[in-house]
Amino acid sequence: MKQRSARTFCFIAFLLAGISLPVCAQLTSEQQSAKSQGTELYNQLKGASALPYLQIAATAGDSEAQYYLGEAIRKNKRYIDAAAKEAYEASAEQGNIYSMIRLGQMGGDLCATMNNCPKSQKTPVEWLTSAKSLATEEAAQGNAESMYLMYEITGDKKWLEQSAENGFALSQYLLATDYREGGGFFLLPSSRADAVERWMKASAEGGYPRGMTGLATALFEKKDLEGARNWTERAAATGYVEAIFNYGYYLSGKNSDFGFPVDFVKSYALLSLFLELDGGGGAKEDAEYVISKIREKINKAQLDEADTFAANWKKTHPALSFFPFKLSR
């Protein structure tokens, strides 16, 4: 079934500061560029750097930018402060279910522990009720993403399964991961493995990078090395940090069971892309370590070739991204 994006409603949002923001506004090219830059930085876990860019699009009334602005503030502060709450509310008032869920979780946020949660227009229970009501309506109309959001709201795995069946790639990945980790009931281990591969394949073919890496792993486990290599390369081409690291690492001669030919130049080039990162649980440091070992094995001409390859890759591929879950898990 063709996936439709979650519906939003257009009206004027009022921040607690008293500023009236236009909503559902058509962004100018400059505002759209700022949103894209902010989202790119956010996806590289550079939340602080993303803030000024997201603020531009959020102030212009973009609901998604408002949500990500709230997320960036929350992650930097480690709790929902007044600025994050205002960004979420501006987004939620447009019908953004993700923002409603965040506001509904405020009762369990660190701000509640510190007893300094900013006053909201609704209680957390009321926000979750609003989120559930809208998601239920959208799910009834066949919206696979809203079915996923119903799973997040209720915790009922039937919604995750329904969302996956209706083609939402994230849900397909999450369902496959759940099965891989022992969820569900299967009479035979082979049946479980088949289900994992089925849903990882659906997610991968739906364009989800985590699904691509998951499928590569599933194929490797069943000794389909050609398929595993293919999906490793395809995942790397999306800009997914984990996939690029894996691909570059394999090309350096590590984990040779995948069957990648050793290519120090390409390996060095791919891993050098990580030098622009400053977050992500040590991804940059891991890449630097492998690069240092490769540097001992190649000459100046090969280093220059690697630099050229890396520069061309950046021009022809999406920016690096950790593809963090939109609702942090």
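Before moving on, here are some points about what is shown:
- Unsatisfied cross-links (Cα-Cα over 20 Å) in the set Lys77/Lys284; Lys77/Lys119; Lys46/Lys77; Lys46/Lys326; Lys222/Lys266: Lys77/Lys284; Lys222/Lys266
- Straight-line cross-link partners of Lys122 among the lysines, defined as a Cα under 21 Å from its Cα and at least 8 positions apart when in the same chain: Lys85, Lys132.
- Calculated from backbone phi, Karplus (6.51, -1.76, 1.60) coupling profile of the range 143-149 in Hz, x at Gly/Pro: 7, 5, 5, 5, 4, 4, 5
- Exposed loop sites are taken as chymotrypsin sites (Phe, Trp or Tyr not before Pro) in a DSSP loop (any state but H, G, I, E or B) with at most 13 other beta carbon atoms within 10 Å; the longest stretch of the chain without one runs 12-184.
- With K and R counted +1 and D and E -1, the other residues having a Cβ less than 13 Å from that of Lys85 yield a net charge of -1.
- Put the Cα centre of the range 189-262 next to the Cα centre of the range 271-328 and the gap is 19 Å.
- The range 33-149: C-alpha gyration tensor shape, a/c 1.5 cut-off, then a/b vs b/c: oblate
- Prolate/oblate/rounded label for the chain (Cα gyration tensor, a/c 1.5): oblate
- Loop-located trypsin sites (Lys or Arg not before Pro) in the range 104-146 (DSSP state other than H, G, I, E, B) with a sparse environment of at most 11 neighbouring Cβ atoms within 10 Å: Lys119.
- Reduced Cα scattering model of the range 240-329, Debye log10 I(q)/I(0), q = 0.18, 0.22, 0.23, 0.25 Å⁻¹: -0.78, -1.11, -1.20, -1.35
- Per-residue Cβ neighbour rank within 10 angstrom, fewest leading, Leu327, Leu251, Leu270: Leu327, Leu251, Leu270
- Prolate/oblate/rounded label for the range 168-271 (Cα gyration tensor, a/c 1.5): prolate
- The GluC sites (Glu not before Pro) of the range 252-308 meeting both criteria, a DSSP state outside H, G, I, E and B (loop) and at most 13 other C-beta atoms within 10 angstrom of the site's C-beta, are Glu296.
- Here the Gaussian network model covers the chain, with springs between Cα atoms less than 10 Å apart; of Ser29, Ser163, Ser99, Ser29 fluctuates the most.
- Separation of the range 83-97 and the range 100-132, taken as the distance between their Cα centroids, equals 12 angstrom.
- Highest-fluctuation residue, Pro52, Pro189, Pro124 considered, GNM on the chain with Cα pairs under 10 Å: Pro189
FYI, it's all coordinate maths here, none of it is from the lab. Note that this is a predicted model, so its numbers are computed, not measured. Positions of Cβ are backbone-derived with ideal geometry, glycine not excepted, and every protein chain shown enters the neighbour counts.
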